[in-house]
Amino acid sequence: MRAVRIPRFGDAEVLTLNENAAVPVPGPLDVTIDVAYAGVNYAEVLFRKGVVPDLPLPFVPGIEVSGTIRAVGEQVTGLRAGQPVAALSIVNGGGYAEVVKVPSQLVFPVNGTEGKEPDLAVVAALPSNVTTAYMIMSNVSRLRQGETVLVHAAAGGVGSMIGQMARKLGAGCVIGTVGDRDKIEYAKRLGYDAVFLRDEYEEQVMELTGGHGVDIVVDPVGGGMRKAALRLLKPFGRLVAMGNASDAEDVQQSMNELWFTSKAVLGFNLQQMSAYAPELVAEAGRQAIDMAIRGDIRVDVTDVLELHEAGEAHRRIEERRTTGKLVLKVKA
């Protein structure tokens with residue numbers, strides 16, 4: 001089969017298409033999937049750059065896919081060959097390939113609406129981002145009705161989901177920040193009450209909230225954004241750190257300051273949770289993907305590239321040239 005591999009850590013050019021990769025076989029509790037599309041995420045950029053520790057090389061990236069089930073393990077129930085599915089391939093990667101092996105708990109059957117077949121390009125955009133958005137708002141930050149939520153990178157693949165999920169789960173006001181002015185209108189169409197440029201948002205957020213600040217900040221950017229987030233939090237406010245797209249040095253935080261100000265810092269890593277508590281991720285994934293399939297959450301697939309163009313996909317993400325979601329077409 002064809003598969004894109006990381007043979008060594010480096011820039012996007014290291015991604016290599018292997019035409020003769022071995023086809024995986026399911027273990028007792030696994031499913032193999034004939035991949036139609038693979039979602040492209042910043043997490044895979046981190047794999048390629050060597051940021052994720054203990055990554056064995058060569059490595060096939062790809063944390064989410066859509067396709068049809070090829071085979072099921074002998075102990076798997078409720079899934080069958082030929083079934084259209086979304087899947088989180090995040091535990092062991094492998095999504096940038098024609099066939100991927102996934103733990104059966106992280107495989108989600110999908111059906112079309114109004115008698116139509118599911119759009120597998122859109123389905124590939126769902127497992128990672130909508131599950132992340134749901135878990136951040138419910139399991140991690142424990143959003144309460146009427147609270148104010150601030151989301152950084154609001155026009156990106158995951159940010160575009162988090163703002164919508166916050167609204168659906170009861171947020172009273174949802175604010176976004178973006179890095180480029182031309183992304184403001186796009187983010188506003190996703191339901192944000194206000195969207196500000198990343199370099200000038202602090203004063204605007206305080207003005208919008210009457211000087212009170214926000215209850216929750218979701219930060220995939222890191223660096224100075226993370227420091228500013230703590231200043232904007234109300235007492236009992238929660239900062240959720242879920243990435244470091246700025247590639248900045250780690251932010252150090254005084255525990256005494258958190259004690260004095262009654263604020264909290266929380267972390268969320270979907271890969272770690274998928275390995276540690278797959279049953280929690282599976283339940284969140286089912287609910288979140290159902291919301292997206294029903295149309296409760298808008299998912300924009302704005303770019304579709306071929307599998308051999310994985311390097312270009314990574315460059316677009318690193319250079320922040322994307323809005324919405326980018327996927328790779330894998331099925332020939």
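The values are calculated or read from the model by the stated rules, or taken from the named source; none is laboratory data. Not measured: the values here are computed from a predicted model. Neighbour counts run over all protein chains shown; Cβ positions are idealised from the backbone, glycine included. Calculation scope for accessible area: heavy atoms of the full protein, side chains included, ligands and nucleic acids excluded. Shrake-Rupley method; radii C 1.70, N 1.55, O 1.52, S 1.80 Å.
Quick rundown of the values:
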{"read-out": "Derived scalar couplings ³J(HN,Hα) [the range 173-180; Karplus, 6.51 cos²θ - 1.76 cosθ + 1.60; whole Hz; x for Gly, Pro]", "value": "9, 10, 10, x, 10, 9, x, 10"}
{"read-out": "Computed over the range 154-309, the ratio Rg/Rh where both radii use C-alpha atoms and Rh is Kirkwood", "value": "0.97"}
{"read-out": "Positive-pole candidate from VAL327, GLN271, LEU258, dipole of the range 217-332, charges at beta carbon", "value": "LEU258"}
{"read-out": "Contour minus Cα-Cα distance for GLU117 and ARG315 (0.36 nm per residue)", "value": "68.1 nm"}
{"read-out": "Listed values (1) 0.98; (2) 1.17; (3) 1.23, entry calculated as Cα Rg over 2.2 N^0.38 Å", "value": "(1)"}
{"read-out": "For the chain: accessible area per residue (Å², 1.4 Å)", "value": "44"}
{"read-out": "Proximal lysines to LYS234, defined as alpha-carbon separation beneath 28 angstrom and excluding residues fewer than eight positions away on the same chain", "value": "LYS168, LYS183, LYS188, LYS263"}
{"read-out": "Under-5 Å amide H pairs with VAL265, H placed in peptide plane, nonlocal only", "value": "LEU239"}
{"read-out": "Sulfur and carbon atoms: percent of accessible area, the chain [1.4 Å]", "value": "49"}
{"read-out": "Whole-Hz couplings from phi, Karplus 6.51/-1.76/1.60, listed for the range 297-309; x for Gly and Pro", "value": "10, 7, 10, 9, 8, 9, 9, 10, 10, 6, 4, 6, 9"}
{"read-out": "Calculated from backbone phi, Karplus (6.51, -1.76, 1.60) coupling profile of the range 154-169 in Hz, x at Gly/Pro", "value": "5, 9, x, x, 7, x, 5, 7, 5, x, 5, 5, 4, 4, 5, 8"}
